[in-house]
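Every number in this text was worked out from the coordinates using simple rules, so none of it is lab data. Keep in mind the model is a prediction, meaning the values are calculated, not measured. Virtual Cβ from ideal backbone geometry, glycine too; neighbours counted across all protein chains shown.
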Amino acid sequence: MLTAISHATAVLPDREVSDSLVLLEGDRIAYAGPFDEGRIPEGAEHVDATGLLVLPGLIDTHVHGTHGDDVMLHGADGIRRISARFPQYGTTAWLPSTISARHPELLEAVRWCVEAQKRPVDGAEIVGIHVEGPYINPKRKGAQPAEGVRDPNFDEVRELLAAAEGRIRVVTLAPELPGGLELIRLLVQESIIASLGHSDATYEQALEGIAAGATHATHLFNAMPPIHHRDPGLITACLNEPQVLAEVIPDGVHLSPHIVRLAIRAKGCDRVALITDAFSATGLPEGTHTLGPHRVTVQGALCTLENGTIAGSILTMNLAIRNAIEFAGVSLVEAVRMSSLIPAQVAGCADRKGSLEAGKDADVTLLDPEFACRATWVRGQRVFDRGMAENQETRGLEKR
């Protein structure tokens, strides 16, 4: 199958091309560049995208659910429904993200993720698993369920790794816990990213975690001790150490726009991954929704537990790009890099995803000037366009 997307502004890895041509041949990108340097093959489906933006598919490496489905609650079919719905926001790949839970529940959720990846739908590709917790500091648990939070248990860890069949990409943990540094070393040996988060680590403890092999920070600033000029703590260590890649939630609620700007300026666009930390309320009306065992109230963009703790977001990746540009003053190219290529590196699939380049997966999205999604292709198949009926997106995966 051949698809030619013409006359959009294309966002390439290093520049914008104002009058572009993107050719999708089968499941790969055949060409992405200036229109007058390419050629539309005979017989290709031609999409005139004048006035739109054509981007590489967006990749969310930290997300818990959408449209009523929760990674921890609704089984493999629920996770597959999440995959089916993500393309309406330009998301073409993701890491299902768990939360802290008792070991049998967490083990079951990981197995659901594996099953969902083995039975893909026409939607965003599952490219791994993000295990957020349970080995985190109860003082900084945020919205993580208290009954699921505990010190590292290596028998549990090995069972989780076996159940995941090599699919865990990221584990969020607190390095200051007993066994925290040993856990980091074990994860690194298994080629899994150790990400510092939900932690009360001092600056020195954070450096110990980084020296042990931790290379990421989970939703920087959130669920961490605030910076003090005489007690710099975990945040400052993550900002100072160049090897640390930071997740940032640019929803205007988790972080002030000024803090988003600070984080991106301090780390640079090559060391920041924009994430949503979205949960089941995404795409649904305001009201009460679920995040694991919690009831979460959504008012506008604010999602809170009964005690007022911020609990997840309803941000989508297309709007994360818009907000990064507005909050931090970055270019479109830089915002897209933090939403596609850098997350692809986190997920371990940057050799085939994350940028509009010949030979990479034909994961492409069209956004309008307000960053609303108009159409999305995954591996060359158009899996969303604005004209589709809502019930067509899930292709028989109606929620039971």
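Around Leu332, under 11 Å between beta carbons, what's the net of Lys plus Arg minus Asp minus Glu among the other residues?
On the way: positive: Arg15, Arg322, Arg337; negative: Glu16, Glu334.
Result for the neighbourhood of Leu332: +1.
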*So, in nm, how far is label Arg28 from label Arg119 when the simple model puts each one 7 Å beyond its Cα toward the Cβ?*
3.1 nm
*Give me the distance in nm between label points sitting 7 Å out from Cα along the Cα-to-Cβ direction at Arg111 and Ser256, one decimal.*
4.7 nm
*Name the long-range amide H neighbours of His62: under 5 Å, sequence gap of 5 or more, or other chain; modelled H, no Pro or chain starts.*
Leu95, Thr276, Asp277
*Please sort by residue number the GluC sites (Glu not before Pro) in region 23-130 whose DSSP state is loop and whose Cβ has at most 12 other Cβ atoms within 10 Å.*
Glu42
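Within the set Lys118/Lys360; Lys141/Lys353; Lys141/Lys360; Lys267/Lys353; Lys141/Lys267, which residue pairs have Cα atoms separated by over 29 Å? Write out the running numbers ahead of the final one.
Values: Lys118/Lys360 21 Å; Lys141/Lys353 33 Å; Lys141/Lys360 39 Å; Lys267/Lys353 23 Å; Lys141/Lys267 25 Å.
Table pairs above 29 Å Cα-Cα are Lys141/Lys353; Lys141/Lys360.
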*With springs only between Cα atoms under 10 Å apart, run a GNM on the chain and tell me which of Arg140, Arg230, Arg102 wobbles the most.*
Arg230
_Computed [θ] at 222 nm, deg cm²/dmol, the chain (DSSP H ≥ 4; -39,500 (n - 2.57); rounded to nearest 500)_ = -8000 deg cm²/dmol
*Hey, with R₀ at 35 Å, roughly what FRET efficiency would Asp48 and Asp351 work out to, going by the Cβ-Cβ distance, to 0.05?*
0.65
*Once the other residues with Cβ under 11 Å from the Cβ of Gly142 are scored (Lys, Arg +1; Asp, Glu -1), what is the net sum?*
+1
_List the residues, sorted by chain then number, that are 5 or more residues from Thr202 or on another chain and whose placed amide H is less than 5 Å from its amide H._
none
*So what are the ³J(HN,Hα) numbers for region 52-65, from phi and the Karplus equation (6.51, -1.76, 1.60; θ = phi - 60°), rounded to whole Hz, Gly and Pro as x?*
10, 9, 10, 10, x, x, 7, 10, 10, 9, 8, 7, 10, x
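Could you please report the charge total around Val157, scoring K, R as +1 and D, E as -1 over all other residues with beta-carbon less than 11 angstrom from its beta-carbon? Spell out each step's value before the answer.
Numbers: positive: Arg158; negative: Asp155, Glu156, Glu159, Glu182, Glu190.
Around Val157, the surrounding residues sum to -4.
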*asked:* Just to be sure I understand the model, the point goes 7 Å from the Cα along the line to the Cβ. What's the resulting Ser191 to Glu156 distance in nm?
replied: 2.7 nm
*Quick one: if the Förster radius is 51 Å, what FRET efficiency do Leu2 and Arg230 give, using the C-beta to C-beta distance and rounding to 0.05?*
0.25
*Rank Gly123, Gly51, Gly65 by mean-square fluctuation in a GNM of the chain with C-alpha springs under 10 angstrom and give only the top-ranked residue.*
Gly51
_Under 25 °C and 0.890 mPa s, how fast does the chain diffuse according to Stokes-Einstein, given a Kirkwood radius computed over C-alpha pairs? Answer in µm²/s, whole number._
117 µm²/s
*State the Cα centre-to-centre distance between region 184-248 and region 344-384 in whole Å.*
30 Å
*Work from the charge dipole of the chain (Cβ charges, +1 for Lys and Arg, -1 for Asp and Glu, about the Cα centre) and give the residue of Ser313, Leu220, Pro145 farthest towards its positive end.*
Pro145
*Which cross-chain or sequence-distant (5 or more) residues have an amide H under 5 Å from the amide H of Ala246, H modelled 1.01 Å from N in plane?*
Ala217, Val272, Ala273
_Unit charges on C-beta of K, R, D, E only; dipole of the chain, Debye_ = 300 debye
*Backbone HN-Hα couplings from phi across region 248-253 [Karplus 6.51/-1.76/1.60, Hz, Gly and Pro as x]*: 9, 9, x, 9, x, 10
*Could you list the residues of region 302-317 with an amide nitrogen less than 14 Å from a label point located 7 Å from the Cα of Ala146 in the Cα-to-C-beta direction?*
306-309
